[in-house]
Structure formats: structure tokens, C-alpha cells
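Just below is one structure, and these are the notes that go with it.
Derivation of every value follows stated rules applied to the coordinates shown; laboratory data play no part. Note that the structure is a prediction, hence the values are computed from the model and not measured. Cβ sites come from the backbone with ideal geometry, for glycine too, and all protein chains shown count toward neighbours.
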Amino acid sequence: MLNVGKIEEGFVLDHIKAGKAMSIYHHLGLSQLDCTVAIIMNARSNIMGRKDILKVECPIDSMDLNILAFIDHNITVNVIKDGAIIEKRALTLPIQIKNVLKCHNPRCITSIEQGLPHIFYLADEQEEIYRCKYCDEKYSETDADFVKDSHSRN
């Protein structure tokens, strides 16, 4: 049996699709923070079969977790204080995503101007559709390409 100790202050991301924990780790920029992170991959789950879990010990207000709703809106965010769950946070789709996705339109300005931030806006909340701010190209999960250095989002 694997035993990962409890955290005193931070958050636990539960019900992550199996295999997605490392992607979330990078998108949240956790490697840039001075905090303890436990990544549990392929844990058994009665509901999902297999799932990933992230336990992060750091002040919860130090990061924007809304990017998680874009990645997978089924993720559960448990806020921990003094070793106990004090809140279960609901995720909302971010209005804007910066430096997470790359635009695939070869005519987009982001293809030419390498230093330009990749910005997508929420065009349709019901259908969860994002479009490029510069050329209005629709984001599609089938051709998803993530920006490699995504820790500089605003």
C-alpha cells in the first residue's frame, strides 16, 4: 500500500483523468514554486477505473486554478488548511487562456512573431469553444498543441 502523508496547507486535485497529472503539473507551473508536490498516477478509482491525484503544499491563493476547468472540468479541488479540508472549490472556465495553447493557423501573427503571447478567449461557454485572439481560429482538442513554457500565464 502506498502511503502519502497529509498536507497542512495547500490543495488536493482529485479525479484527474489517468495520465494527465504531469500536464497539469506543468500548466500550473508547479516546478517554478518552492513547495512540496506529490503526484499519484493510475490510482484505483471505483468511479473512473484509474485516476491521477496531485497534492500540493503551498498557499492556495498563490495560483489560479481556473486553467484546470479548461483541461478537465471534472477535477475536484479540495482546499486544505491545518490538515483538514475546509473547502471544495468549483471550477469555472477561464475567460482567457494565455500561453497554454498554440494557434495552428499558419497565417496567424503568432506563427510569424515568435515572442507574441498565445492568447485564446472563451467564445462559447456552453460548447466550451476557445478561439485565437488574433485570427479567431477555433481551438480543437484533436489538434491540441500546448505551448512548452506555459508558466507565464496571466
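How large is the convex hull of the Cα atoms of region 4-53 per residue, expressed in Å³ as a whole number?
It comes to 79 Å³ per residue, whole-number rounded.
If I stretch the segment between Glu128 and Glu8 completely, what's the gain in nm (0.36 nm per residue apart, minus their alpha carbon distance), one decimal?
Contour length minus Cα-Cα distance gives 39.7 nm.
May I have the extent of the alpha carbons of region 9-89 along their three principal axes, as whole Å values ordered from largest to smallest?
For region 9-89, the Cα spread along each principal axis is 31, 25, 21 Å.
Could you work out the relative contact order of the chain, using alpha carbon pairs under 8 angstrom and six or more residues apart, expressed as a whole percent?
RCO, the chain: 22 percent.
Just add up the charged neighbours of Cys35: K/R +1, D/E -1, any other residue whose Cβ is under 11 Å from the Cβ of Cys35.
Spelling it out: positives minus negatives among the neighbours equals -2.
Give me the Å³ per residue figure for the convex hull around the C-alpha atoms of the chain.
Measuring per residue, one finds 121 Å³ for the Cα hull of the chain.
Given an 8 Å cut-off on Cα distances and at least 6 residues of separation, report the relative contact order of region 36-107 as a percent.
About 21 percent, as a whole number.
When each pair of different Cα atoms in region 96-143 is counted once in the 1/r mean, what is the Kirkwood radius in angstroms, to one decimal?
So the Kirkwood estimate lands at 10.8 Å.
For Gln114 and Ile40 in the same chain, what is the full-extension length gain: residue separation times 0.36 nm, less their Cα-Cα distance, in nm?
23.1 nm
Starting from 0.36 nm per residue, how many nanometres of slack lie between Asp61 and Lys138 once their C-alpha separation is accounted for?
Additional length available on full extension: 24.6 nm.
What relative contact order, as a whole-number percentage, does region 96-143 give when Cα pairs under 8 Å and 6 or more residues apart are counted?
Reported relative contact order: 34 percent.
Of the cross-linked pairs Lys51/Lys88; Lys6/Lys98; Lys20/Lys102, which ones have a Cα-Cα span greater than 22 Å in the structure shown?
Lys6/Lys98
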